[in-house]
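K.L.:
Quick one: structure below, then a few questions.
The values are calculated or read from the model by the stated rules, or taken from the named source; none is laboratory data. The structure displayed is predicted, hence computed values, not measured ones. Note: ideal-geometry Cβ built from the backbone for every residue, glycine included; neighbour counts use all protein chains shown. Please note that ligands, DNA and RNA were not included when accessible areas were found on the heavy atoms of the full protein model with its side chains. Shrake-Rupley method; radii C 1.70, N 1.55, O 1.52, S 1.80 Å.
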Amino acid sequence: MTTVIREGWTTFKSIFTGMGVTIRHFFKPAVTELYPEEKVELPKGARAKLYVNIDDCIGCNLCARACPVNCIDIETVMATSDVDLGKTSTGNPKRFWLTQFDIDMAKCMYCDLCTFPCPTDCIYMVPEYEYSEFDRTNLVYHFSDLTPEKVDEVKEKAEKEAEEKKKERERKMKEKKAKAKDKAKSKPKPKPKPKQPDNKKDDEES
Amino acid sequence: MIESYGNINPVLAVLIHALIPLTIILVYALVAIWGERKVAGFIQDRLGPHRVGGWHGWAQSIADLLKLIQKEDIVPKDASRFLFKFAPFMMFAASYAAFAVLPFSSWYIGSMIDIGVFYLIAITSVLTLSVIMAGWASNNKWSLLGGMRSAAQLVSYEVPTIATVLTVIVVSGSLNLMTVTEMQSGNDILGFLPNWFIFQNPFLIIAFGIFFISILVESHRVPFDLPESESELVAGYQTEYSGMRWAMFMLAEYADMLLLSLLGVTLFFGGWNSPFGSFMSGPAWGFFWFLLKGFMLVFVMMWIRWTLPRYRVDQLMHICWGILIPATFVNLILVALWEVVF
Amino acid sequence: MEVMMNKTTDSNSERREMVINMGPQHPSTHGVLRLELVLDGEVVKEVRPNIGYLHRCFEKYAEELGDYASVTPYTDRMDYVSAMNQELGYVIAIERLLELEIPERVEYIRVIISELQRIASHLLGIGAFGLDLGAFTPFLYLFTEREKILDIFEKTSGARLLYNYMTVGGLMKDVPKDFKKDTAEFVKTFRPKIKELNDLLSYNKIFINRTADIGVLPEKVALNYAASGPVLRGSGMKWDLRKDDPYSIYDRFDFDIPVGSGEVGTLGDCWDRYMVRVREMEQSLRIIEQALDGMPDEGDVTEAVPKRIRLKEGEIYCRTETPRGELGYYIISDKKGGPFRVKARAPSFVHLSMLPAISKGSLIADMVAIVGSIDIVLGEVDR
Amino acid sequence: MKLPEEIFNYLRENNEEAGLEYQTGDIGEPWILVEASSLKPVMKTLRDDPQLLFDVLMCLSGVHYQKEEELGVTYHINSTSLGHKLAIKVRVPIDNPHVPSVESIWKTANWHEREAWDMVGVIFDEHPNHKRILCPEDWEGHPLRKDYVQQEFYQGMPTGE
């Protein structure tokens, strides 16, 4: 009989202490932040959205390689020798036109692995979190600032440049072969040449 | 009472008598649902509904009602259609019918019948029926379990409820709730205490404790809300319901909660009598005091809900048959002895 | 009526019990877990957990990536509730293979952060356990505290849940200036909250009735099932990897290991496992305080991070103490850039395999309590 | 507290017939290679021998060695009372990868072996419930094999991009 009473007493005591706790919280002010009115601003280094400062980018593709989910795709075109793209703010010379620099924020998993290898620190996370879209394709951000015509113009200038260089390289190669032949005729026994690493020799053949 | 109106034709009078509790229930249900979410919010250090309709989201439950009305009313494929559809309305009808005998104030009572308490207990057992009907009819394993659990729970807790009500009848001597309330008017216990039953006889305090526990069980409130325990049975007997039918279940649950707390107020806290004896008492004030005490009890129910975890089914049964029922009968004897002595 | 069999349930039409699928979408299975309950009335005769709903094959990712350092974001995704401890395990395994020397400051920051993460993970585990039993309010109080820890993590690593903050050899970034101040302030405000939780939930008689003598796990069975962490300590065995198989600099701090003592019911029941987690939070506070005092103020956290990780042939099994138990990484390396094979041994996977053993003959309500008390996270079970 | 070396020598003395072999990689921990046929008795002694008392199977992982066309199972066991740890390996050819199940010795092996079967395709004899655990039961192929190609459709649903 006494156990039932003791049991009942501990039950009621624990219930009333519990209710004491809740009634105290009843009169405490609420901790909710009313979102649209009181906007919470994220701390400085918050990883919310990727941003690329495109004029600092030298098209080195390190960030695309570091990204585990491959959500950054970059297309670069070699700048022709006549045009000078100038230097980035950190002093690295820019040698590529960036015809396409897309980041698919729908695939990005905010792991921040892309911001570290970047030599010019032009890709970093911006604490801005209200960028939801109705259509998933709008989440692909295009950071390249070249207009489509500029892209075509740059592309075919680069092709022209590439052909000239190829022709010029063939010409140089023919002269070298010609020089090598008459040298062989003039000196019957050529000096033993130092041992050359194989891959250098293959280059010349191709 | 109807005869005191004199010349209004009886049909209109009956209509008025039927509509007053209905409006009270509907308005109360909307306010109580909003109130419960606000109480839950404040207890948990958050705000609860805050946007709909301006100040503290007062229109939240109206918005819910509109949403539920236009929601699709799904009846599961091979549920037994008639029982499934009828269960919520039967539950609401049961708790609404019981309002007939509650004395809202000295001037107004639904029907002044002499066996008011007897009628009320009979009607509330119809609730059990509707819950089992809903549980079985929705052809879902979870709601079947919910239905069975509530069958066991409600039927077995009828006994302590009736026993505690009996203890009060022993003191009051009459089954008519109006006379029960009239016996509790005035305040001359120890000079200032209103002579409500709870103060007249010390053992009635224990009776009220047991009564309060059993009405918690009757209205499926935590810590005894096993029939629709969210974390185990998904939503118990309400799992398959949606739209207006589910709203009807919610309405019935809150109406049942108000009904039982008003019964508790009538039996133990002196119904429409004001706590200050003659000051602020009269037919109009009766309404105010009666509903205020009812809302106080409802607030305590809500407060308990957001504090305690839930019992298991067999522990529930053990409490009922092992502790509550013996306690009520012992208490009954003690109350009777106390009455004889004083 | 013929019990409809779905394809994967083996047919028990000759047995007339009711087979109920608790999950994969169920309020208290802590994630996508399907428990096939064979019920006789409300009594559970047999449980068959079905997992694999959240299987993303972390191990295949680790092999395909081809680089040791870029696996860390994927280790967060396993037990997403205690991401820092998952990274710590992987990072320590690779550092042991490399025999890398870690600067003091990094070691101290790692200890503080993983202990903070342990508290945050326990807060969720305890809150969800209370929620399963019907107590809604403690969950909200504990989550207000957990938000403070997440704010500290957001200032340090930039993310709130999946941090990718620890790398092989150091950390991604240094901690902000007021890291010490915030953490000390959190420790000060959190201590009274544990006492409030005990008043509200731990010693509440209804809670005790619901958890005492339920899901009793004797110590021998626990060891045979290789249980670890709070589940093993709940059964009365004093076994904590931070002391018994020390890694990082845990041997410099003095803290004791709370062990289940059968205070309320038999030894090894749900309440003991729950109470071990509550007391463990206090010990974590002690470690954080000692670590805050000892933390050196200067030192670059990224100096020991190797540019390119080249590992010779070999393998290692390195285990650490996460809030859920012993998390082991078995890494086989060959000469190529990435790991040849990474096997993550998750504590929740092992604890879930124990479920049929401890829940024989319990009711559905107890089943919910047992699943809540072994505190599983399905990301870690399915990997 | 015994080192793996001493445990290996101790084992060598006790049961001659088991083809034990002590190996180590360039870096990391050493392991003992055991014949598949004598795996169960060795494991039994490891658990019950008063000198060893390995009472916890920490981790059981299936590995696919593509170059040698073999499937391997690695057991990491630990003794909580005496404190030493050990790694044991079994190598079986890929065309009949049969390994005796240690489920009767350590209950935790039940799910680990099912996962090894599911992921790498090692068949465990006398396993009580030899079914896939992570992938659906009728999934083809074993994902963690080096030469694994994901099936295009699973019950009519396209699987990858």
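K.L.:
On the basis of being more than 14 Å from chain C (Cβ to nearest Cβ) and under 30 Å from B:VAL75 (Cβ atoms), does B:ALA151 make the cut?
P.N.:
The answer is no for B:ALA151.
K.L.:
Still on this structure, I have one more. Quick one: C:ALA69 ticks every box in (1) within 17 Å of C:LEU162 (Cα to Cα); (2) modelled with pLDDT of 90 or more; (3) among the aliphatic types (A, V, I, L, M) except a single one, so which number is it?
P.N.:
Failing condition for C:ALA69: (2).
K.L.:
So which of D:PRO128, D:PRO158 ends up being open to solvent by 40 Å² or more (accessible area, probe 1.4 Å) and within 13 Å of another protein chain (Cβ to nearest Cβ)? Working first, answer last.
P.N.:
Values: D:PRO158 fails: within 13 Å of another protein chain (Cβ to nearest Cβ).
The conditions single out D:PRO128.
K.L.:
For the range B:174-200, what are the residues that are of a type in the set (Phe, Trp, Tyr), within 23 Å of the chain's Cα centre (by Cα) and more than 16 Å from B:LEU262 (Cα to Cα)? Working first, answer last.
P.N.:
Of all residues in the range B:174-200, those of a type in the set (Phe, Trp, Tyr) come to B:192, B:196-197, B:199.
Those left that are additionally within 23 Å of the chain's Cα centre (by Cα): B:196-197, B:199.
Passing the criteria: only B:PHE199.
K.L.:
It is to be established whether one or more residues within the range C:216-225 are among the aliphatic types (A, V, I, L, M), in a loop (DSSP other than H, G, I, E, B) and in contact with a helix residue (DSSP H, G or I) (Cβ under 9 Å, 6 or more places away or on another chain).
P.N.:
We begin by selecting, within the range C:216-225, every residue among the aliphatic types (A, V, I, L, M); these are C:216-217, C:221-223.
Among the residues that remain, those that are also in a loop (DSSP other than H, G, I, E, B) are: C:216-217.
So of that shortlist, the ones also in contact with a helix residue (DSSP H, G or I) (Cβ under 9 Å, 6 or more places away or on another chain) come out as C:216-217.
The answer is yes; a qualifying residue exists.
K.L.:
Here is a further query. Check off (1) open to solvent by 20 Å² or more (accessible area, probe 1.4 Å); (2) among the hydroxyl-bearing types (Ser, Thr, Tyr); (3) in a helix (DSSP H, G or I) for C:TYR90 and give me the number that stays unchecked.
P.N.:
Exception for C:TYR90: condition (1).
K.L.:
Among the residues that make up the range C:147-169, is at least one of them touching a residue at least 24 places away in the same chain (Cβ under 8 Å), within 14 Å of chain B (Cβ to nearest Cβ), touching a helix residue (DSSP H, G or I) at 6+ places or on another chain (Cβ under 7 Å) and within 30 Å of B:ARG312 (Cα to Cα)?
P.N.:
no
K.L.:
So which residues in the range D:53-78 are within 13 Å of the chain's Cα centre (by Cα) and among the hydrophobic types (A, V, I, L, M, F, W, C)?
P.N.:
D:LEU57, D:MET58, D:CYS59, D:LEU60, D:VAL63, D:LEU71, D:VAL73, D:ILE77
K.L.:
B:ILE169: of a type outside the set (Asp, Glu) and surrounded by fewer than 17 Cβ atoms within 10 Å (Cβ to Cβ), yes or no?
P.N.:
Numbers: of a type outside the set (Asp, Glu): yes; surrounded by fewer than 17 Cβ atoms within 10 Å (Cβ to Cβ): yes.
Judged against the criteria, B:ILE169 is a match.
K.L.:
When the residues of the range C:28-62 are narrowed to those that are facing another protein chain (nearest Cβ under 8 Å) and touching a residue at least 60 places away in the same chain (Cβ under 8 Å), which ends up surrounded by the most Cβ atoms within 10 Å (Cβ to Cβ)?
P.N.:
That would be C:ILE51.
K.L.:
For the range A:97-116, does any single residue satisfy the condition of being over 30 Å from C:TYR80 (Cα atoms), more than 14 Å from every other protein chain (Cβ to nearest Cβ) and out of contact with any strand residue (DSSP E or B) (no Cβ under 7 Å at 6 or more places or on another chain)?
P.N.:
Applying the first criterion (over 30 Å from C:TYR80 (Cα atoms)) to the range A:97-116 yields A:97-101.
Keeping just the survivors that are more than 14 Å from every other protein chain (Cβ to nearest Cβ) gives A:97-101.
Next, from what is left, pick out any that are out of contact with any strand residue (DSSP E or B) (no Cβ under 7 Å at 6 or more places or on another chain): none.
Scanning the range A:97-116 turns up no residue that is over 30 Å from C:TYR80 (Cα atoms), more than 14 Å from every other protein chain (Cβ to nearest Cβ) and out of contact with any strand residue (DSSP E or B) (no Cβ under 7 Å at 6 or more places or on another chain).
K.L.:
Still on this structure, please answer the following. Given the condition part of a loop (DSSP other than H, G, I, E, B), of a type in the set (Ser, Thr, Tyr) and modelled with pLDDT under 90, answer yes or no: does some residue in the range C:227-239 qualify? Lay out the reasoning, then the answer.
P.N.:
Looking only at the range C:227-239, we keep the residues that are part of a loop (DSSP other than H, G, I, E, B), and these are C:227-228, C:235-239.
Filter once more, keeping what is of a type in the set (Ser, Thr, Tyr): C:228, C:235.
Narrowing the set further to residues that are modelled with pLDDT under 90 leaves none.
Looking for residues that are part of a loop (DSSP other than H, G, I, E, B), of a type in the set (Ser, Thr, Tyr) and modelled with pLDDT under 90, one finds none in the range C:227-239, hence no.
K.L.:
Out of everything in the range C:158-171 that is open to solvent by less than 10 Å² (accessible area, probe 1.4 Å) and under 20 Å from the mean Cα position of the chain (by Cα), what residue ends up being farthest from C:GLU303 (Cα to Cα)? Before you say what the answer is, go through the steps one by one.
P.N.:
First, the residues of the range C:158-171 that are open to solvent by less than 10 Å² (accessible area, probe 1.4 Å): C:158, C:163-166, C:168-171.
From what is left, the residues that are under 20 Å from the mean Cα position of the chain (by Cα) are C:163-166.
Values: C:TYR163: 20, C:ASN164: 18, C:TYR165: 15, C:MET166: 13 Å.
Ranking the candidates gives C:TYR163 first.
K.L.:
If only one of D:PRO30, D:PRO50 is more than 29 Å from D:ASP118 (Cα to Cα) and modelled with pLDDT of 85 or more, which one is it? Write out each step before concluding.
P.N.:
Numbers: D:PRO30 fails: more than 29 Å from D:ASP118 (Cα to Cα).
Only one candidate passes the filter, namely D:PRO50.
K.L.:
When you check C:SER248 against the structure, is it closer than 15 Å to C:ARG277 by Cβ, touching a residue at least 60 places away in the same chain (Cβ under 8 Å) and either open to solvent by 20 Å² or more (accessible area, probe 1.4 Å) or in contact with a helix residue (DSSP H, G or I) (Cβ under 8 Å, 6 or more places away or on another chain) (or both), yes or no?
P.N.:
Values: closer than 15 Å to C:ARG277 by Cβ: no; touching a residue at least 60 places away in the same chain (Cβ under 8 Å): yes; either open to solvent by 20 Å² or more (accessible area, probe 1.4 Å) or in contact with a helix residue (DSSP H, G or I) (Cβ under 8 Å, 6 or more places away or on another chain) (or both): yes.
Considered against the rule, which asks whether it is closer than 15 Å to C:ARG277 by Cβ, touching a residue at least 60 places away in the same chain (Cβ under 8 Å) and either open to solvent by 20 Å² or more (accessible area, probe 1.4 Å) or in contact with a helix residue (DSSP H, G or I) (Cβ under 8 Å, 6 or more places away or on another chain) (or both), C:SER248 comes out as no.
K.L.:
Further, regarding this structure: Is the range B:220-231 home to any residue that is more than 14 Å from chain C (Cβ to nearest Cβ) and farther than 22 Å from B:ALA327 by Cα? Don't jump to the end; show me each part of the working.
P.N.:
Within the range B:220-231, the subset more than 14 Å from chain C (Cβ to nearest Cβ) is none.
No, the range B:220-231 contains no residue that is more than 14 Å from chain C (Cβ to nearest Cβ) and farther than 22 Å from B:ALA327 by Cα.
K.L.:
Is there a residue in the range B:311-334 that is open to solvent by less than 10 Å² (accessible area, probe 1.4 Å), among the basic types (Lys, Arg) and not in a helix (DSSP H, G or I)?
P.N.:
No; the residues of the range B:311-334 include none that is open to solvent by less than 10 Å² (accessible area, probe 1.4 Å), among the basic types (Lys, Arg) and not in a helix (DSSP H, G or I).
K.L.:
Of the numbered conditions (1) among the hydrophobic types (A, V, I, L, M, F, W, C); (2) buried (at least 18 other Cβ atoms within 10 Å of the Cβ); (3) touching a residue at least 60 places away in the same chain (Cβ under 8 Å), B:VAL159 fails exactly one; give the number of that condition.
P.N.:
The number of the failed condition is (2).
K.L.:
Check the range A:4-25 and report whether any residue there is in contact (Cβ under 8 Å) with a residue 12 or more places away in the chain and more than 21 Å from the chain's Cα centre (by Cα). If you could, list the steps in order and put the result at the bottom.
P.N.:
As a first pass, look at the range A:4-25 and keep what is in contact (Cβ under 8 Å) with a residue 12 or more places away in the chain: none.
No: the range A:4-25 contains no residue that is in contact (Cβ under 8 Å) with a residue 12 or more places away in the chain and more than 21 Å from the chain's Cα centre (by Cα).
K.L.:
What are the residue pairs meeting all of these: first residue in the range B:63-81, first residue assigned to a loop (DSSP other than H, G, I, E, B), second residue among the aliphatic types (A, V, I, L, M), Cβ atoms under 8 Å, and 6 or more apart or on different chains?
P.N.:
B:LYS71/B:MET244; B:ASP73/B:MET244; B:ALA79/B:ALA137; B:SER80/B:ALA137
K.L.:
Take the residues in the range A:4-47 that are part of a loop (DSSP other than H, G, I, E, B) and crowded, with 17+ Cβ neighbours inside 10 Å, then tell me which one is farthest from the other protein chains (Cβ to nearest Cβ). Spell out the reasoning first.
P.N.:
Initial filter on the range A:4-47 (part of a loop (DSSP other than H, G, I, E, B)): A:27-47.
Still in the running and crowded, with 17+ Cβ neighbours inside 10 Å: A:42, A:45-47.
Working: A:LEU42: 7, A:GLY45: 5, A:ALA46: 5, A:ARG47: 4 Å.
The qualifying residue farthest from the other protein chains (Cβ to nearest Cβ) is A:LEU42.
K.L.:
For the range D:58-161, which fully contained strands (runs of 3 or more DSSP E) count at least 1 residues that are in contact (Cβ under 8 Å) with a residue 60 or more places away in the chain and farther than 23 Å from C:TYR317 by Cα? Talk me through it step by step, then tell me what you get.
P.N.:
Working: elements: D:70-78, D:85-93, D:98-100, D:123-125.
Correct list: D:98-100.
K.L.:
Given the conditions (1) within 14 Å of chain C (Cβ to nearest Cβ); (2) at pLDDT 90 or above; (3) open to solvent by less than 40 Å² (accessible area, probe 1.4 Å), report the number of the one that B:TRP303 does not fulfil.
P.N.:
Here B:TRP303 meets the rest and fails (3).
K.L.:
Suppose we keep only residues that are open to solvent by 20 Å² or more (accessible area, probe 1.4 Å) and among the basic types (Lys, Arg) within the range C:194-239. Which one would you say is nearest to the other protein chains (Cβ to nearest Cβ)?
P.N.:
Step by step, filter the range C:194-239, then rank; the result is C:LYS205.
K.L.:
Being small (Gly, Ala, Ser), under 17 Å from C:ILE206 (Cβ atoms) and open to solvent by less than 10 Å² (accessible area, probe 1.4 Å) is the filter here; which residues of the range B:192-225 pass it?
P.N.:
Of the residues in the range B:192-225, the ones small (Gly, Ala, Ser) are B:207, B:209, B:214, B:219.
Checking the rest, the ones that are also under 17 Å from C:ILE206 (Cβ atoms) come to B:209, B:214.
Once the filter is applied, which keeps residues that are small (Gly, Ala, Ser), under 17 Å from C:ILE206 (Cβ atoms) and open to solvent by less than 10 Å² (accessible area, probe 1.4 Å), the range B:192-225 yields only B:SER214.
K.L.:
Would you check if there is a residue in the range B:42-62 being within 14 Å of another protein chain (Cβ to nearest Cβ), within 25 Å of the chain's Cα centre (by Cα) and not in a loop (DSSP other than H, G, I, E, B)?
P.N.:
Scanning the range B:42-62, I find at least one residue that is within 14 Å of another protein chain (Cβ to nearest Cβ), within 25 Å of the chain's Cα centre (by Cα) and not in a loop (DSSP other than H, G, I, E, B), so the answer is yes.
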